[in-house]
Number of protein chains: 2
Amino acid sequence: MEKVGRKERERQAHRGEILRAAEKVFAGKGFFQTTMSEIAHEAEFGTGTLYKYFKSKEELYFTLIDEKTEEINRLVNAELCRGTSVKERIKNVLNLEFQFIEKNRDFFRIYVSERSRFEWTVKDELGKKIHEKMVTYIRHLARVLKEGVDRGELKPMEPLDMAHALTGIVNSLFFEWLISPHPYPLISKANTVFEIFLRGTEKMERRK
Amino acid sequence: MEKVGRKERERQAHRGEILRAAEKVFAGKGFFQTTMSEIAHEAEFGTGTLYKYFKSKEELYFTLIDEKTEEINRLVNAELCRGTSVKERIKNVLNLEFQFIEKNRDFFRIYVSERSRFEWTVKDELGKKIHEKMVTYIRHLARVLKEGVDRGELKPMEPLDMAHALTGIVNSLFFEWLISPHPYPLISKANTVFEIFLRGTEKMERRK
DNA sequence: TTAAATAGTGAATATTCGTTCATAAAATGA
DNA sequence: TCATTTTATGAACGAATATTCACTATTTAA
């Protein structure tokens, strides 16, 4: 086991402060319009200091995304691996996600812009790594949905399509919440998502 | 009626060529990583010439988005205003959209990145205008869905939520298609979207 | 034919950052 | 205390690029 001294702990604290400052500034103005000196100012460090902790602007940015993505992925995967019914797990994952998003509004402003950016996925090593993580998540979800199909809980459809549809609904409502000027609890939409995804919007006659 | 001479027609043709070149380059590398001289080169004009047609890089970019958005909006709205059943109209709109997207792949790479960018919506006059158009479309869709609710075709839910859910599913599958390395006809997914949106994914016992 | 107007050009300009580095300040420990 | 190591700093450097403008080529119309 590693013994970490005060020195090291302090270093990590500073790193964390820089990351938090970066999160805030990037969330407001996007990658390209954010300058290193703005981040430095927000973090109350000199510009040069940032480079003692991160090799470049890009590395700072991707580290930020990478660490938070890792965190939410761990949470969600844990729930997806439970032994309960598929429907139950989906419901819980939605609640988890919405809670996490609500607690990390700034971060998700960044995340949502990143999701639909092609510019790096090709070029950059870091960019590829992030993209991998997003893909992994979808595939994990699809596997669970397939389990639902096999068990007869869900209709026989292509699980990847279902997974995309579900995350699509989530993203769309969550995006709306992000830009809404009068914020309401996002969690209040979790049930709507679940309901539409499972049972659709068409009115049907029920027979007892 | 305006009589347009050869001169004017030629000018418009050049403008169009510049827009087409810009579309291509922006789609590949995004707004910030595209340079005016790349666009000029692609369009086979000098750098300075671009400024004879567009006031700035931003104006060029937004004009591009604005004009195509207008086009798809016209198409879709026409269908949404038909007198057929709501379900019928939704189905047709999905087909229209998917066809249009398939024909304008480059443009939609740009569009999809723009959808989730906050950076301008606040700052810029042009940016605001685009954002308005996106909102207008959603509201229009929601109005039709409300009609479906009132007529008893759809379940009684918040129409805006339904509209967001539907566009969410569309965007998600369409995005997947965009980044897919082995392109398949996007139109083949129209039915999946319609099916999930209307009837959901849950398997139910049917009774005759 | 020729003068005036228009369209096109790309090198030069000015600005904006990402990054570096010589120095200062602080911490360490002998 | 004083020498050494570590950490922080922000001015200065250099690359990138949006925009301008003095100039050329082309078209117009008198």
At 7 Å out from Cα toward Cβ: B:R6 inter-copy label distances (nm, ascending): 8.6
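Within the set of other residues whose C-beta is less than 11 Å from the C-beta of A:I187, count the net charge using Lys and Arg as +1 and Asp and Glu as -1. Don't skip to the answer; put the middle values down first.
Details: positive: A:K103, A:K189; negative: A:E97, A:E102.
Net charge in that neighbourhood comes out at 0.
Please identify every one of the trypsin sites (Lys or Arg not before Pro) in segment B:44-144 that sits in a loop by DSSP and has no more than 14 other beta carbons within 10 Å of its own beta carbon.
Working: sites: B:K52, B:K55, B:K57, B:K68, B:R74, B:R82, B:K87, B:R89, B:K91, B:K103, B:R105, B:R109, B:R115, B:R117, B:K123, B:K128, B:K129, B:K133, B:R139, B:R143; in loops: B:K55, B:R82, B:R117.
Passing both the DSSP loop test and the Cβ count: B:K55, B:R82.
Calculate the dipole size of segment B:69-187 relative to its Cα centre from +1 charges on Lys and Arg beta carbons and -1 charges on Asp and Glu beta carbons; express the result in debye to the nearest 20. Can you show the working numbers first?
Working: 19 positive and 18 negative charges, 31 e Å.
Roughly 160 debye for segment B:69-187.
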Kirkwood hydrodynamic radius over Cα pairs of the protein assembly as shown, then Stokes diffusion coefficient at 4 °C and 1.567 mPa s, in µm²/s: 55
Hz values of 3J(HN,Hα) by residue in segment A:44-51 - Karplus curve (6.51, -1.76, 1.60), Gly and Pro given as x: 6, 10, x, 4, x, 4, 3, 6
Within chain B, helix-based [θ] at 222 nm, where runs of 4 or more DSSP H residues each add -39,500 (n - 2.57), nearest 500: -25000 deg cm²/dmol
Proximal aspartates and glutamates to A:K203, defined as alpha-carbon separation beneath 17 angstrom and excluding residues fewer than eight positions away on the same chain: A:E195, B:E88, B:E147, B:D150, B:E153, B:E158, B:D161, B:E195, B:E202, B:E205
Estimated distance in nm for a label pair at A:R6 and B:R105, the labels positioned 7 Å out from Cα along Cα-to-Cβ: 6.1
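Would you mind working out the magnitude of the charge dipole of segment B:1-55 relative to its Cα centre, with +1 at each Lys and Arg C-beta and -1 at each Asp and Glu C-beta, to the nearest 20 Debye?
On the way: 11 positive and 8 negative charges, 50 e Å.
In total the dipole reaches around 240 debye.
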Helical segments meeting 27 Å axial Cα length and Kyte-Doolittle 0.5 threshold in chain B (DSSP H): B:159-179
Separation between Cα centres of segment B:146-171 and segment A:131-208, rounded to whole Å: 15
Cα-only radius of gyration and Dmax that characterise segment B:57-206, units Å: 16.2, 58
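Every number in this text was worked out from the coordinates using simple rules, so none of it is lab data. Computed from a predicted structure; not experimentally measured. All Cβ positions, glycine included, derive from the backbone under ideal geometry; neighbour counts span all protein chains shown.
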